[in-house]
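First the structure, in the form of structure tokens, and then the observations on it.
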Amino acid sequence: MAARDTASLLVGLVVLLHTWGAWAKLEVNMEDRVEVFRGNTTQITCMFTSDQDISNISIYWFYVARLDARQLIYHQVANLASVTQDTPFTDRITVNSTGTPGQVVLTVSSVKLEDELEFICRIRSSDEYEEGRTKLKVFETPDRPTIAGVQTVISVNENKPSKIGSCKVKNGYPKPNITWYRNNTPLHAAQDGVKLEYSTTTESSLLLSVTSVLNKKVEKEDKDAKFYCEVSYFVPGGTRMTETSRINITVQYPSTTIDVRVAPPKDKIKEGDSIELNCYGDGNTPLLCSIHKHNETNDSWDTAPAVLNNVTRHNSGVYECTCTDVETADEISGKTVVIVNYLDAPKVKSKHLIVSQGEEVEATCNASSSLDTSTTWFNVTHTNKVEVSKGDTLRLENATFDTAGTYMCVVTVPEIEGMETSGTLLVNVKGPPEIMEKEKTVMEVNFKETVNLKCHVRGFPVPSVTWTTLDGKVLNTTSEKVSEEGIESMASVTVTSDITAFCNASNEYGTQAVAVIFSINTKGSGVIIAVLIICILLLAILGSVLYFLYKKGKICGRSGKQNITKEKSNKDNIVVEMKSDNTEEAVLLGVNGEKQPTSDQGGEYLDVQK
């Protein structure tokens, strides 16, 4: 039992000694890789442990050249350090301690693409050495990528993939990757009809440029598609991505359907419009089209468009376009229905209505149309158009002379602006004459003044109008005008004495007369005569004074004893003459027989005018 325990103790001691020896062994640890942008400075750290005094160790730095050949760039033995001359790193490296025992750092400045190598750190003690390795990875951000689309038209009838465009990204490291997209969907070479071509160029700077060409069998849907490239590239610690601008291509594709369109485009066509029918395919290849109408005469146009001027309802119908594709020689067709809306002239029941006073007026207005209509009645007897009622039927109760006149029914189509027609209705109200002017009692006029008389009479049948005086004399009618509102008659009379004039109107239903009495204005004549007498007396006195001075020789250098040898004339005789012709005229004859005229006067009566 004791022997067995002793053996176990010995085995444990051996294992402990072996473990202690393994821990006390020299070890070197380094990162697998260090990443840096070209032109920057980077550090490669070498960490080591030893059971011996690390101040007595030696440090060696190498890089691995081609064919795994090692090149020493730095060594340190005891306290003596040296950078190897005539290497690519001679002027760009330093080796320093970090201040932490067991760490040494190799610093490389102005990193180049050629520096992408494997670096070795060797630590040597008195009786052994260990090595660690780190790969230096160098990166360069590429230029912004560019894209160029083809400028030619690509037909969907091509049997093989056509070139869509090319993308290029320059001066990157490591090599950038290019991915094509169509409307945000990546394209891969494994897809049907897609072919991708890539080429890589090494620039003099050793940077890499990549070009990719997209070839694709185009479809009609590609006419609206957007193509672009995504470029991904590596940077220290990850990857980044950038995109090109979008391009589209011109796709030529044949039409599969034909659309027949009307120009100018409008919701409704009405009679009188001018339209144009044309054929449009849903493709963009050239078409040769003809048009024909499905009707008895089979109207046709050898080439589109078909122009229809001043259309009528007879132009309504089915029109068909037949087109031949110039590229494929395929024939396709399309149809459309043309509806020409119409509005006929209205039919007014009884265009001329004659009713008695107090009766009801009723008339209808109907217009045939392809669309719904709206009817409005207006009274257009006077200058202003006055709305009377809405609807097909005009109904006027208790007719009077004010009801008589012309009425217009206006029929419109609300769905089409400007589409309207109209008809008229004449309404006459039977009844005895009604003179619109009121009777005048006494009107003062001047002697021999010519007075215009006017009389407006309503009634139906149209009254006859005569002018007479109280003593039965018939006056001449100067004018007579018949209108929808009645008859207007005019006469004139020259007043030489007090007179009464009558406007006499009559028809089969009765008569009416209106009188006006004219009286000569004597007050006005007396004043004029008095003024004339005063003027004559003043002139006589003036003449006497002049004659007396003449006799005394006070005038023209003569003395009072000189004789008058000239023959006397009748210059001292003063004559006053009053004449009237249409207007009153007063004439004064002076010493030399000269006339002095007065002003005219005139007036119009029976319509309260003077």
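The values are calculated or read from the model by the stated rules, or taken from the named source; none is laboratory data. What you see is a predicted model; the values in this text were computed from it and never measured. Counting neighbours? That spans all protein chains shown, and the Cβs are built from the backbone with ideal geometry, glycine included. Surface areas here come from the heavy atoms of the whole protein model, side chains and all, with no ligands, DNA or RNA. Shrake-Rupley method; radii C 1.70, N 1.55, O 1.52, S 1.80 Å.
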So who's got an amide H within less than 5 Å of the one on residue 164, skipping anything under 5 residues away but keeping other chains? H placed 1.01 Å off N, in plane. 214, 215, 216
If you take the charge dipole of the stretch 268-360 about its Cα centre, with +1 on Lys and Arg Cβ and -1 on Asp and Glu Cβ, which of 305, 317, 280 is farthest toward its positive end? 317
Once phi is turned into θ = phi - 60°, what whole-Hz ³J(HN,Hα) does the Karplus curve with 6.51, -1.76 and 1.60 give for every residue of the stretch 59-70, x standing for Gly and Pro? 10, 10, 10, 10, 10, 9, 8, 4, 6, 6, 7, 8
The farthest towards the positive end of the charge dipole of the stretch 212-297, of the residues 250, 260, 229, given +1 on Cβ of Lys and Arg and -1 on Cβ of Asp and Glu, is 229
Out-of-range pairs (alpha-carbon distance over 25 Å; input 351/390; 220/266; 223/268; 175/217; 266/335): 220/266; 223/268; 175/217
Once each part is reduced to its C-alpha centroid, what is the distance from the stretch 50-90 to the stretch 433-461 in angstrom? 144
Gyration tensor verdict on the stretch 328-482 (Cα atoms; rounded if a/c is under 1.5, prolate if a/b is larger than b/c, oblate otherwise): prolate
Expected vector for the stretch 371-379, Karplus 3J(HN,Hα) from phi with 6.51, -1.76, 1.60 and θ = phi - 60°, integer Hz, x for Gly and Pro, equals 10, 5, 10, 9, 10, 10, 9, 10, 8
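What Kirkwood hydrodynamic radius, in Å, does the stretch 147-291 give when the mean of 1/r is taken over all pairs of distinct Cα atoms and then inverted?
Averaging 1/r across every pair of different Cα atoms and inverting gives 18.5 Å.
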Between residue 252 and residues 5 or more places away or on another chain, the pairs with built amide H atoms under 5 Å apart involve 154, 155, 156
Name the aspartates and glutamates eligible as straight-distance cross-link partners of residue 293: C-alpha to C-alpha under 17 Å, and not fewer than 8 places from it in the same chain. 259, 276, 302, 320
Extension reserve of the residue 434-residue 318 stretch, reckoned as 0.36 nm per residue once the Cα distance is removed: 35.5 nm
Sorted by accessible area with a 1.4 angstrom probe, largest first, how do 456, 75 fall? 75, 456
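Please give the per residue accessible area of the stretch 36-107, computed with a probe of 1.4 Å over protein heavy atoms only, in Å².
Details: 4170 Å² over 72 residues.
On a per-residue basis, 58 Å².
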So, in nm, how far is label residue 242 from label residue 58 when the simple model puts each one 7 Å beyond its Cα toward the Cβ? 5.0
Assuming R0 = 25 Å, can you tell me the calculated FRET efficiency for the pair residue 329 and residue 183, based on Cβ-Cβ distance, to the nearest 0.05? 0.15
Length gained if residue 205 through residue 339 is fully extended, taking 0.36 nm per residue and subtracting the Cα-Cα distance, is 40.7 nm
Taking the Cα centre of each part, how many Å lie between the stretch 464-509 and the stretch 214-275? 89
Would you mind checking which residues have amide H under 5 Å from residue 446's amide H? H placed 1.01 Å from N; only 5 or more apart, or other chain. 521
